[in-house]
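Trainee: Sending over a structure as structure tokens; questions will come in a sec.
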Amino acid sequence: MCSAPGDDDGPRAVAAVKEEERTLRAGDGAALREFVAQPATGFRRGAVLIIHDVWGYTDFYKDLARRITGQAHAALLVDFFGRQGDLPDSMRAPEKTGSKPEAVAQAVQRAQQLSDERFLADMQTAVDDLRARGADRVAGWGFCMGGRLAYLAAARVRGLAGIVAYYGFLQAEPGRLSPLQLANEIHIPVLAVFGYPGAPHGFLRYGTTDRKAAINDALARTFRFFARVLTPPR
């Protein structure tokens, strides 16, 4: 139930009851791809909005969205790099092909074109759209670069019930918002997951076979968190 995404030693996540790729229209008119996965209960048990890492809108996160539906929550993956375009095909699955320096440099260069303000506006649009489609409670789940952005969303995006950040940076380079500086603006539950012994930064995506115990522990904690924040109070 909580096995690592992309693990070659076990079955991949089965398709969700309903899957679709649709377009989210951003406030500036940009058309952003989004992958929506729903369980049999649709949006009634809330939704998790995935905030991707520097590699962007990839099959890895679509697979994670399917696994979220196994916990009876809907899941949404938005292409926050939609204005910048895709990386070359050879760079879209770094967990399988390796993160070569030139690929990392190109991915980082693309990511730097997304401002914090643009992300927050797009995130707000995505949250509002999920709630309009029937998800009364929405949580975010960010990774690496997306982990830092998840903290920003916890502080600045309305309508979130909780945030999970995997190895998200707490400081930021000049010109970017620092999560530590925004800490007093965060008033929703946050689960922060960092490297474990033997399972360093990025452990969910890389070396899944060797780090399965740490990954499964982190995912179990994460899904318990989602069950709590996405369940309406009685």
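Trainee: Expressed as a whole number of Å, what is the distance separating the alpha-carbon centroids of the stretch 193-226 and the stretch 116-160?
Mentor: Result: 22 Å between the Cα centres.
Trainee: In deg cm²/dmol and to the nearest 500, what is the mean residue ellipticity at 222 nm of the chain if only DSSP H runs of at least 4 residues count, each as -39500 (n - 2.57), divided by the residue total?
Mentor: -9500 deg cm²/dmol
Trainee: Can you classify the stretch 167-234 as rounded, prolate or oblate using the Cα gyration tensor, where a ≥ b ≥ c are the square roots of its eigenvalues, rounded means a/c under 1.5, and otherwise it's prolate if a/b beats b/c and oblate if not?
Mentor: Because a/c hits 1.5 or more and a/b fails to exceed b/c, the stretch 167-234 counts as oblate.
Trainee: Let me ask another. For LYS18, which aspartates and glutamates qualify as cross-link partners when the Cα separation must be under 18 Å and same-chain residues fewer than eight apart are set aside?
Mentor: Straight-distance partners of LYS18: GLU34, ASP59, ASP63, ASP129.
Trainee: Quick one: what does P(r) look like for the stretch 45-118 with 5 Å bins over all Cα pairs, in whole %?
Mentor: Percent of Cα pairs in each bin: 3, 15, 24, 21, 16, 12, 6, 1, 0.
Trainee: Run down the lysines and flag those whose C-alpha is under 25 Å from the C-alpha of LYS96, throwing out any fewer than 8 positions away in its chain.
Mentor: Filter leaves LYS62, LYS212.
Trainee: 5 Å is the cut-off here: which amide hydrogens, built 1.01 Å from N in the peptide plane, fall below it relative to VAL17, excluding neighbours closer than 5 in sequence?
Mentor: GLN38, ALA40
Trainee: Here's a follow-up. Return one quarter of the surface area of the convex hull spanned by the alpha-carbon atoms of the stretch 18-229, equal to its mean projected area, in nm².
Mentor: 11.2
Trainee: Dipole magnitude of the stretch 18-229 about its Cα centre, charges +1 at Lys/Arg Cβ and -1 at Asp/Glu Cβ only, in debye to the nearest 20? Numbers along the way, then the final one.
Mentor: Working: 28 positive and 23 negative charges, 125 e Å.
The calculation lands at about 600 debye.
Trainee: Further, regarding this structure: Please work out the FRET efficiency for the pair PHE194 and ALA227, using the Cβ-Cβ distance as r and a Förster radius of 25 Å; give the result to the nearest 0.05.
Mentor: Numbers: r = 22 Å, r/R0 = 0.87.
Approximately 0.70, to the nearest 0.05.
Trainee: Continuing with this model, one more query. Name the helices (complete DSSP H segments) of the chain with a Cα length along the long axis of 18 Å or more and a Kyte-Doolittle mean of at least -1.0, or state none.
Mentor: Span-like helices here: 116-132, 212-229.
Every number in this text was worked out from the coordinates using simple rules, so none of it is lab data. Keep in mind the model is a prediction, meaning the values are calculated, not measured. Cβ atoms come from the backbone with ideal geometry, glycine included; neighbour counts cover every protein chain shown.
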